[in-house]
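The values are calculated or read from the model by the stated rules, or taken from the named source; none is laboratory data. As the structure is a computational prediction, the values presented were derived from the model and not from experiment. Protein only, heavy atoms only, side chains kept; ligands, DNA and RNA dropped before computing areas. Shrake-Rupley method; radii C 1.70, N 1.55, O 1.52, S 1.80 Å.
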Amino acid sequence: MDFRLELADREGHGYAGIGPTPVKVEPNVFQSLGKSVELTVMTFKTVLGLFDPSRFSATVAQFTSVVGVSVRAAEAAKAGPIDYAYLIAALSLSLGIVNILPLPPLDGGKIVLEIVERVVGRPIGRNVSLALSAVGALLLFSLIGYLTYLDITRLGG
């Protein structure tokens, strides 16, 4: 269910200085599915921007850390249950997509290592696997730290 806010009465006359009137809009299954696919594709494109050096800065500016998510969650909770549910769904989708990135500590990285092992025909050495996971974890923690720094500077100044 989606809500639209209109600044008009039933006859279409606008109000000056009076709050919006919620209008209930119920999209059909195909509209909902289309919106879901659209949001998923947009999220994939945004995450893939991390791997494009020309778009990296703009992509990171769109990301947020736990600090920013908590602020947005509080704002969404104040706005109402529909906004809060939308935020939770968007977070779930984003985390799922990030989890399939081909970085070894994540599930996507483990899948890539499994594929490499199948192609090569033998297991990757434990030390190599641990080193790849350590490098991936370092990259992830660096990104998380940088995003936290950006969120704190956005909120503080």
Point to revise | Whole-percent carbon and sulfur share, accessible surface of region 17-157, 1.4 Å | key: 69
Practice item. Give me the compactness ratio for region 22-62, meaning the Cα radius of gyration over 2.2 N^0.38 Å. Key: 1.65
Study note, to complete from the structure: In order over region 30-40: 3J(HN,Hα) from phi, Karplus 6.51/-1.76/1.60, θ = phi - 60°, whole Hz, x for each Gly or Pro, gives 5, 5, 5, 5, x, 5, 5, 5, 4, 5, 5
**Study point:** Surface accessible to a 1.4 Å probe, per residue, for the residues of region 63-156, Å²
**Key:** 67
Study note, to complete from the structure: Probe 1.4 Å, all chains present, heavy atoms only: Leu150 accessible area in Å², nearest 10, is 30
Check your understanding: How much accessible surface area, in Å² rounded to 10, belongs to the heavy atoms of Arg72 with a 1.4 Å probe?
Key -> 120
Review point. Any idea what % of Cα-Cα pairs in region 58-157 are farther than 19 Å?
Key: 56
